[in-house]
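Everything on this sheet refers to the single structure shown next.
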Amino acid sequence: MLAITAVAFFAWLAVMGVDAVRYQWSHVPVVVRTAGACLLVASFPTFFSTFRENRFLSPAVRIQRERAHRVVDTGPYRHVRHPMYGGFVLFALGTALMLGSWYGTIGALCLIGLVARRAVLEERALQRELEGYDAYMRRVRYRLVPHVW
């Protein structure tokens with residue numbers, strides 16, 4: 001799944017460049033582009049605080065027993081179980097809108113779907129293998145976006 005997401009991510013970047021710069025297929029109003037820039041900027045503190053709080057972040061879903069892996073429930077993890085993926089929602093939509101690419105926005109939604117699927121699969125592994133994750137899931141109800149999902 002990681003390989004598929006990586007290929008899709010780079011294809012998404014290429015599509016936005018071709019759309020927004022080369023051929024200018026999309027005509028995105030300035031107010032929408034400005035809102036996109038705000039979303040993009042909002043993603044940065046989300047990423048920063050996620051990396052600051054969770055020293056177990058890894059591209060591969062695995063329990064790091066050699067590092068005494070434990071449930072992280074501080075910082076943004078108090079509100080959502082996958083704040084990095086939540087930050088990615090802001091990043092992907094913000095980037096596409098800021099650059100002025102409706103095709104990029106469609107691609108962002110597809111990427112968000114892939115990331116959401118990964119979050120579900122990741123949670124299954126964490127429930128099976130990480131002590132205390134079940135209790136954490138009961139305390140923190142939302143996966144990516146507070147009060148939404």
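Output yes when any residue across the stretch 74-90 is among the hydroxyl-bearing types (Ser, Thr, Tyr), surrounded by 16 or more Cβ atoms within 10 Å (Cβ to Cβ) and over 16 Å from the mean Cα position of the chain (by Cα), and no when none is.
No: the stretch 74-90 contains no residue that is among the hydroxyl-bearing types (Ser, Thr, Tyr), surrounded by 16 or more Cβ atoms within 10 Å (Cβ to Cβ) and over 16 Å from the mean Cα position of the chain (by Cα).
I want to confirm something. Restricting to the stretch 58-72 and keeping residues that are within 19 Å of residue 47 (Cβ to Cβ) and surrounded by fewer than 17 Cβ atoms within 10 Å (Cβ to Cβ), which single residue is modelled with the highest pLDDT?
Filtering the stretch 58-72 for residues that are within 19 Å of residue 47 (Cβ to Cβ) and surrounded by fewer than 17 Cβ atoms within 10 Å (Cβ to Cβ), the one modelled with the highest pLDDT comes out as 58.
As an exercise: evaluate residue 60 against (1) more than 18 Å from residue 90 (Cα to Cα); (2) among the aliphatic types (A, V, I, L, M); (3) in contact with a helix residue (DSSP H, G or I) (Cβ under 7 Å, 6 or more places away or on another chain) and give the number of the one condition it does not meet.
Evaluating residue 60 over (1) more than 18 Å from residue 90 (Cα to Cα); (2) among the aliphatic types (A, V, I, L, M); (3) in contact with a helix residue (DSSP H, G or I) (Cβ under 7 Å, 6 or more places away or on another chain) leaves (3) as the failure.
Residue check: is residue 101 closer than 27 Å to residue 8 by Cβ, of a type in the set (S, T, N, Q), surrounded by fewer than 18 Cβ atoms within 10 Å (Cβ to Cβ) and out of contact with any Phe, Trp or Tyr (no Cβ under 6 Å at 6 or more places or on another chain)?
It is false that residue 101 is closer than 27 Å to residue 8 by Cβ, of a type in the set (S, T, N, Q), surrounded by fewer than 18 Cβ atoms within 10 Å (Cβ to Cβ) and out of contact with any Phe, Trp or Tyr (no Cβ under 6 Å at 6 or more places or on another chain).
Any residue in the stretch 72-84 that is of a type in the set (Gly, Ala, Ser), more than 20 Å from residue 7 (Cα to Cα), part of a helix (DSSP H, G or I) and touching an Asp or Glu at 6+ places or on another chain (Cβ under 9 Å)?
Looking through the stretch 72-84, at least one residue is of a type in the set (Gly, Ala, Ser), more than 20 Å from residue 7 (Cα to Cα), part of a helix (DSSP H, G or I) and touching an Asp or Glu at 6+ places or on another chain (Cβ under 9 Å).
For the list (1) free of Cβ contacts under 8 Å to residues at least 40 places away in the same chain; (2) assigned to a helix (DSSP H, G or I), I need the number of the one condition that residue 90 fails.
(1)
Output the number of the condition that residue 35 fails; it satisfies all remaining conditions of (1) farther than 23 Å from residue 14 by Cα; (2) surrounded by fewer than 18 Cβ atoms within 10 Å (Cβ to Cβ).
Here residue 35 clears every test but (1).
Which of the residues that make up the stretch 122-145 are out of contact with any Leu (no Cβ under 6 Å at 6 or more places or on another chain) and either within 11 Å of residue 80 (Cα to Cα) or among the hydroxyl-bearing types (Ser, Thr, Tyr) (or both)?
Correct list: 136, 137, 139, 140, 141, 142, 143, 144, 145.
Against the definition (modelled with pLDDT of 95 or more, more than 26 Å from residue 121 (Cα to Cα) and either of a type in the set (S, T, N, Q) or surrounded by 15 or more Cβ atoms within 10 Å (Cβ to Cβ) (or both)), how does residue 26 come out, yes or no?
Considered against the rule, which asks whether it is modelled with pLDDT of 95 or more, more than 26 Å from residue 121 (Cα to Cα) and either of a type in the set (S, T, N, Q) or surrounded by 15 or more Cβ atoms within 10 Å (Cβ to Cβ) (or both), residue 26 comes out as yes.
In the stretch 104-117, is there at least one residue being touching a residue at least 24 places away in the same chain (Cβ under 8 Å) and of a type in the set (Ser, Thr, Tyr)?
No, the stretch 104-117 contains no residue that is touching a residue at least 24 places away in the same chain (Cβ under 8 Å) and of a type in the set (Ser, Thr, Tyr).
The values are calculated or read from the model by the stated rules, or taken from the named source; none is laboratory data. Keep in mind it's a predicted model, so treat the numbers as computed, not measured. For neighbour counting, all protein chains shown are included, and Cβ atoms are generated from backbone atoms with ideal geometry for every residue, glycine included.
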